[in-house]
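The values are calculated or read from the model by the stated rules, or taken from the named source; none is laboratory data. All figures in this text were calculated on a predicted structure; none of them were measured in a lab. Here the Cβ is made from the backbone with ideal geometry for all residues, glycine too, and neighbour counts use every protein chain on show.
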Amino acid sequence: MSKCNFTIEFQGSADYLIQKAQSAIAQAGGTFNGDPSSGNFNISTPLGKVSGAYTVVGQGFNISIDDKPFLVGCGKIESTLREYLSKS
């Protein structure tokens, strides 16, 4: 069972969104595997690893966090991912 679930609505193409996500996660030192419909990712933080999976349905980027440090809240993960995806 996942620890966090949230959806980030987006404008434009899923291809562009996935390129942005892949770039942001790589810049943060993480790994990203997937395509415009689904995939998975992980990022190391000072408190531990965050890993999850995603699916794209319509204009929704559905994210499921499977593993995270105990001290990192779901809200912080969601806000950080939203920030990554909002950057040009």
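The figures follow:
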| read-out | value |
| --- | --- |
| Residues being surrounded by 12 or more Cβ atoms within 10 Å (Cβ to Cβ) and either more than 19 Å from residue 57 (Cβ to Cβ) or among the hydrophobic types (A, V, I, L, M, F, W, C) (or both) - total across the range 14-32 | 12 |
| Matching residues in the range 40-66 - criterion: being surrounded by 13 or more Cβ atoms within 10 Å (Cβ to Cβ), farther than 22 Å from residue 76 by Cβ and out of contact with any Ser or Thr (no Cβ under 6 Å at 6 or more places or on another chain) | 59 |
| Per-region count, the range 1-28, residues touching a strand residue (DSSP E or B) at 6+ places or on another chain (Cβ under 8 Å) and either over 14 Å from residue 81 (Cα atoms) or among the aromatic types (Phe, Trp, Tyr) (or both) | 5 |
| The range 39-80 - residue that is closer than 14 Å to residue 8 by Cα and among the polar types (S, T, N, Q) and, of those, modelled with the lowest pLDDT | 80 |
| Residue within the range 12-27 that is part of a loop (DSSP other than H, G, I, E, B) and of a type in the set (A, V, I, L, M) present | no |
